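Engineer: Mind looking over this structure? Questions follow.
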Amino acid sequence: QVQLVESGGGLVQAGGSLRLSCSASESIFSINAMGWYRQAPGKQRELVATVTRGGSTNYADSVKGRFTISRDNANNTVYLQMNSLKPAATADYYCWTVVATRTSWGRGTQVTVYS
């Protein structure tokens, strides 16, 4: 099962930016969908963005136009560029993928946006 490790979280003022990285333990070249979810305190985990092997992306309405997901197959890494951050973005962010029906999650990276 592929192992995923997130990094790049931190404390940022509203309006600022962060870039999250997700490093995979094996080649992601043949992996179709990869993505990011987030879970705010007291709330359910929700989809933030996904990217396919072909480069197609999908975003939650709440982040469209501000977040960008991308993947670097050569370095087995998926990124989430987050701009114009709002306090509502405060959450633990998790990298996700599915390989041969097996779902993998990272351990998460914390993002805190203060006003």
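Engineer: Of the conditions (1) at pLDDT 95 or above; (2) open to solvent by less than 70 Å² (accessible area, probe 1.4 Å), A88 satisfies every one except a single condition; which number is it?
Structural biologist: With (1) at pLDDT 95 or above; (2) open to solvent by less than 70 Å² (accessible area, probe 1.4 Å) applied to A88, the lone miss is (2).
Engineer: Can you tell me which residues in region 70-88 are more than 15 Å from S23 (Cβ to Cβ), touching a strand residue (DSSP E or B) at 6+ places or on another chain (Cβ under 7 Å) and of a type in the set (A, V, I, L, M, F, W, C)?
Structural biologist: Correct list: M82, L85.
Engineer: Here's something else I'd like to know. Restricting to region 99-113, name every residue that is of a type outside the set (K, R) and either under 18 Å from R71 (Cα atoms) or in a strand (DSSP E or B) (or both).
Structural biologist: V99, T103, S104, W105, G106, G108, T109, Q110, V111, T112, V113 - these are the residues of region 99-113 that are of a type outside the set (K, R) and either under 18 Å from R71 (Cα atoms) or in a strand (DSSP E or B) (or both).
Engineer: L47 fails exactly one of the following numbered conditions: (1) closer than 23 Å to E26 by Cβ; (2) of a type in the set (A, V, I, L, M); (3) surrounded by fewer than 17 Cβ atoms within 10 Å (Cβ to Cβ). What is the number of that condition?
Structural biologist: Result: L47 passes all but (1).
Engineer: Applying the selection to region 15-35, what residues are crowded, with 23+ Cβ neighbours inside 10 Å and small (G, A, S)?
Structural biologist: A24, G35
Engineer: Further, regarding this structure: For V99, all conditions in the list (1) surrounded by 14 or more Cβ atoms within 10 Å (Cβ to Cβ); (2) under 24 Å from V12 (Cβ atoms) hold save one; what is the number of the exception?
Structural biologist: Condition (2) is where V99 drops out.
Engineer: Okay, moving on. Taking region 68-115, which residues are under 13 Å from V51 (Cα atoms) and among the hydrophobic types (A, V, I, L, M, F, W, C)?
Structural biologist: The answer is I69, V78, L80, C95, W96, V98.
Engineer: When both residues are 6+ apart or on different chains and their Cβ atoms are under 8 Å apart, which pairs have a first residue that lies in region 57-74 and is farther than 17 Å from R38 by Cα, and a second that is of a type outside the set (D, E, K, R) and outside any strand (DSSP E or B)?
Structural biologist: Cβ pairs passing all conditions: R71/I28; R71/G55; N73/S27; N73/I28; N73/F29.
The values are calculated or read from the model by the stated rules, or taken from the named source; none is laboratory data. Fair warning: this is a prediction, and the values are worked out from it, not measured in the lab. Neighbour counts are summed over all protein chains in view; Cβ atoms, including those assigned to glycine, are modelled from backbone coordinates with ideal geometry. Accessible surface is based on the protein model in full, side chains and every heavy atom, while ligands, DNA and RNA are left aside. Shrake-Rupley method; radii C 1.70, N 1.55, O 1.52, S 1.80 Å.
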